[in-house]
Amino acid sequence: MPKNKSEIRKSYILNKYVIITPGRAARPRELKENITIKKDPNCPFCPENIDKNNIIDKINKPNSKEWGVLSIKNIYPAVTLDNKKAYGAQEVIIDTPNHMKELTHLKERDVKNVLKMYAKRNKELSKNKEIDYILCFKNQGYKAGASKSHSHSQIFATKIIPDDLKEEALLKQNYQKENNSCPYCDIIKKESKTKRNIFEDSQVIAFTPYASQYHYEAWILPKR
């Protein structure tokens, strides 16, 4: 196919389609976004301003008593454990105590600790039998919904399972019945041989999906 030709692609499992348009990358742009991070003495996510009553969990810096990643209560939650009409839990994960650093600026060990905190909180929230869905997400920049410049992410837990996941689970079962194989195993076999393969070792593979819905979208799948 010619380099700049558009192409309609279907998702691996879901009945969703995207249009890949490489030619549009060359269109002229007048508007640019320029975000400058400035030190805010009143930032609620900086160590000196943390409300200790809101701390849920922490992971300390290596060989230090100071925290490197912190989980705190979201004081403006969409869901809470004491509201039957909007039941769930919402936590803020402060990625770093340093106000001037983004996740991409952190050392590998510090990024690992952010992921460890996701795992810790997922495991703890999963003990609640009324929680059926847990989402870890990070809003990067104002347009994505971030209201504070201090690097942070969130964990959202609820009893409601999104329709896309329900549909994917059903289509996955249908695929296994028809093909006598796991769709994700087949996807791994295929993508490991393509230029979309980003990283691979004996345990996991990371790749850009064939029908990406977002810029820089990547899938990470375990091989077990």
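The values are calculated or read from the model by the stated rules, or taken from the named source; none is laboratory data. These numbers were taken from a predicted model, which means no experiment stands behind them. Using ideal geometry, Cβ is built from the backbone for each residue, glycine included, and neighbour counts are taken over all protein chains shown. Remember, those area values only see protein heavy atoms, side chains included, never the ligands or the DNA or RNA. Shrake-Rupley method; radii C 1.70, N 1.55, O 1.52, S 1.80 Å.
With θ taken as phi - 60° and the Karplus curve 6.51 cos²θ - 1.76 cosθ + 1.60 applied, the whole-hertz 3J(HN,Hα) list for the range 80-86 is 9, 6, 9, 10, 5, 7, 8 Hz, x standing for glycine and proline.
Prolate is the label for the range 54-184. Its Cα gyration tensor axes, ordered a ≥ b ≥ c, give a/c of at least 1.5 and a/b above b/c. Based on Cα contacts under 8 Å between residues 6+ apart, the range 128-224 shows a relative contact order of 17 percent. Within the set (i) 16.4, 52; (ii) 20.5, 60; (iii) 17.7, 50, the number that Rg and Dmax of the Cα atoms in Å takes when calculated for this structure is listed as (ii).
Here the chain is treated with +1 on each Lys and Arg Cβ and -1 on each Asp and Glu Cβ, and its dipole about the Cα centre works out to around 460 debye. In terms of distances greater than 24 angstrom between alpha carbons, the cross-link table entries LYS65/LYS138; LYS116/LYS166; LYS16/LYS129; LYS16/LYS177; LYS127/LYS189; LYS5/LYS195 yield LYS65/LYS138; LYS116/LYS166; LYS16/LYS129; LYS127/LYS189. When the listed pairs LYS112/LYS159; LYS84/LYS120; LYS10/LYS58 are checked against a 30 Å cut-off, the alpha-carbon distance exceeds it for LYS10/LYS58. Taking the charge dipole of the chain about its Cα centre, with +1 at Lys and Arg Cβ atoms and -1 at Asp and Glu Cβ atoms, the residue from GLN90, ASN42, GLN173 reaching farthest to the positive side is GLN173. Looking at the range 59-88, the trypsin sites (Lys or Arg not before Pro) that sit in a DSSP loop and have at most 11 other Cβ atoms within 10 Å of their own Cβ are LYS65.
Over the residues of the chain, the helix contribution to mean residue ellipticity at 222 nm works out to -6500 deg cm²/dmol, using -39500 (n - 2.57) for each DSSP H run of at least 4. Accessible surface computed residue by residue for the chain, with neighbouring protein chains in place and a 1.4 Å probe, gives 72 Å² per residue. Annotation: amide H of VAL204 within the under-5 Å range of LYS223, sequence separation 5 or more or interchain, hydrogens built in the peptide plane.
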